[in-house]
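**Q** What follows is a single structure, and I will ask about it in a moment.
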Amino acid sequence: MKPIQVLIVDDEPLARDILETYLLKTPDVQLAGSCKNALEAFSFLSKQQVDIMLLDINMPEISGMDFLKTLKKPPGIIFTTAYSEYAVESYELNALDYLLKPISFERFLKAINKAIEITRHKGAAVTQTENVANPVSTKDNILFVKSDGKLVKIDLAQLWFVEGLKDYVRLWTDTGKVIVHSTMKNFEEQLSVLSNFVRVSKSYIINMQYVSEVDGNIIRIKDQMINIGNTYKEQIYELFNKYKMS
């Protein structure tokens, strides 16, 4: 199978060296190039396509986020930064992951494997049609989705949350994760008949039944931390306050 092509964009030589070392230790990926700023990366991408870009945020002249906004068809983006305050905005830009420096190999591997999984599914897609069938019924609480050419039954009572990934969504369930070629809008419409499913950001629809705690703008479901989007804050806090003890 053809290796996934990865581009590193970071103004710090040491950061680039660390990421290059990590990539060499990771199967199924290949370092396509390493750039020290956004202008250099733009020139690189005009000549060669890549599948994943490890993109620093704070760079001279053009930030990583501003650079991403200039790309018409960006590759999968994993942000790498020393600053946590951009996390929410990064997911609004459909980033696949957000790595805080110093980046451990374990955390890097988790992010890159997630990106590889999404890239492989994207490459296997042959149509742009929606892959969500209508729910059998609200009472039955199930949904059939098409994944890897098969119809997969999703028990909505076991669905933790829906995660948006560009042209795909990932369903996190008790039995594992399922990637579907569809949109968040489509899932939001399908799940709107069930009051326990709530959209909390551009990239997430959560099942309230699985929320274990809320800390500021962070919702915890199982071992996953989900950011509440700025445009959804008022609506979400109002909802949580309905269940709050006075």
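The values are calculated or read from the model by the stated rules, or taken from the named source; none is laboratory data. Predicted model only: the values in this text are computed from it and were never measured. Virtual Cβ from ideal backbone geometry, glycine too; neighbours counted across all protein chains shown.
**Q** Please report, ordered by residue number, the helices (runs of 4 or more DSSP H) entirely within the stretch 1-95 with at least 3 residues that are more than 20 Å from Lys114 (Cα to Cα), at pLDDT 95 or above and not assigned by TED's automatic domain parsing to the domain that holds Ile205. Step through it out loud before you land on a result.
**A** Details: elements: 13-24, 38-45, 64-70, 87-92.
In the stretch 1-95, the matching helices (runs of 4 or more DSSP H) lie at 13-24, 38-45.
**Q** If you don't mind, another one. Applying the selection to the stretch 164-178, what residues are closer than 25 Å to Leu71 by Cβ and surrounded by 21 or more Cβ atoms within 10 Å (Cβ to Cβ)?
**A** Just the residues of the stretch 164-178 that are closer than 25 Å to Leu71 by Cβ, to begin with: 164-170.
Within the stretch 164-178, Gly164, Leu165, Val169 meet the criteria.
**Q** Now for a separate question. Of all residues being outside any strand (DSSP E or B) and among the aliphatic types (A, V, I, L, M) in the stretch 193-246, which is nearest to Asp174 (Cα to Cα)? Just the residue, please.
**A** Here the answer is Met208.
**Q** Could you run through the stretch 27-46 and say how many residues are in contact (Cβ under 8 Å) with a residue 60 or more places away in the chain and either crowded, with 17+ Cβ neighbours inside 10 Å or closer than 9 Å to Val6 by Cα (or both)?
**A** Let us first name the residues in the stretch 27-46 that are in contact (Cβ under 8 Å) with a residue 60 or more places away in the chain, namely 28-29.
Pick out the ones that are also either crowded, with 17+ Cβ neighbours inside 10 Å or closer than 9 Å to Val6 by Cα (or both) and you get 29.
Residues flagged as in contact (Cβ under 8 Å) with a residue 60 or more places away in the chain and either crowded, with 17+ Cβ neighbours inside 10 Å or closer than 9 Å to Val6 by Cα (or both) within the stretch 27-46 amount to 1.
**Q** Looking at the stretch 185-200, can you tell me whether even one residue there is modelled with pLDDT under 90, surrounded by 16 or more Cβ atoms within 10 Å (Cβ to Cβ) and of a type in the set (A, V, I, L, M)?
**A** yes
**Q** Something else about it: Output the number of residues of the stretch 148-192 satisfying the condition of being of a type outside the set (A, V, I, L, M) and under 21 Å from Ile221 (Cβ atoms). Steps first, answer last, please.
**A** Initially, the stretch 148-192 is screened for residues of a type outside the set (A, V, I, L, M), giving 148-150, 153, 155, 158, 160-161, 163-164, 166-168, 170, 172-177, 181-183, 185-190, 192.
Next, from what is left, pick out any that are under 21 Å from Ile221 (Cβ atoms): 155, 158, 160-161, 163-164, 168, 170, 172-177, 182, 187-188, 190, 192.
Looking only at that region, the number is 19.
**Q** Checking Pro13 against (1) touching a helix residue (DSSP H, G or I) at 6+ places or on another chain (Cβ under 9 Å); (2) over 20 Å from Asp97 (Cβ atoms); (3) of a type outside the set (Ser, Thr, Tyr), which single condition isn't satisfied?
**A** Among (1) touching a helix residue (DSSP H, G or I) at 6+ places or on another chain (Cβ under 9 Å); (2) over 20 Å from Asp97 (Cβ atoms); (3) of a type outside the set (Ser, Thr, Tyr), the lone unmet condition for Pro13 is (1).
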